[in-house]
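First up is the structure itself, then whatever we jot down about it.
Each reported figure results from applying straightforward, stated rules to the coordinates on display, with no laboratory input. All figures in this text were calculated on a predicted structure; none of them were measured in a lab. All Cβ positions, glycine included, derive from the backbone under ideal geometry; neighbour counts span all protein chains shown.
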Amino acid sequence: MSKEAYTEKRKQWLDDIAFVMSNSQGRRLMYSLLEQAGLAGMKRFESTFTGNSRSHFLEGKRAMGLGVQKDIFKSGYSSYRIMMDENEKDVFN
């Protein structure tokens with residue numbers, strides 16, 4: 001794949017994420033993905049270290065989530081803040 005084709009695919013991907021994050025249903029979906037990866041809700045304060053091979057599994061989930069989170073930031077940080085505000089109002093109260 002040429003650099004131009006990659007750049008265009010990457011731009012389309014970020015545009016797709018921005019579209020998903022533009023409505024509450026999409027933000028709930030993305031929040032759920034981040035929560036499953038241990039990057040949202042109370043799970044973000046838990047360690048992935050278990051002392052056995054489960055640590056590798058949890059770190060894999062976390063790494064995948066970090067990629068999604070990074071792309072959400074790149075597609076528009078304000079939508080990330082909105083998503084967190086919508087979904088975490090009960091987490092810390």
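Here the label points at M42 and S24, each 7 Å from Cα along the C-beta direction, are separated by 2.5 nm in the simple model.
In loop segments of segment 1-90 as defined by DSSP, the GluC sites (Glu not before Pro) with at most 16 further C-beta atoms inside 10 Å of their C-beta are E46, E88. Working note: 222 nm ellipticity from helices only, DSSP H runs with n ≥ 4, each -39,500 (n - 2.57), summed and divided by the residues of the chain, gives -23000 deg cm²/dmol to the nearest 500. Taking the Cα centre of the chain as reference, the dipole from Cβ charges on Lys and Arg (+1) and Asp and Glu (-1) amounts to some 200 debye. Length available on full extension from R54 to R81: 0.36 nm per residue minus the Cα-Cα distance, which gives 6.6 nm.
Please name which of G41, T7, S75 has its Cα lying farthest along the dipole of the chain towards the positive end, using unit charges on Cβ (Lys, Arg +1; Asp, Glu -1) and the Cα centre as origin. About the Cα centre, the residue reaching furthest to the positive side is T7.
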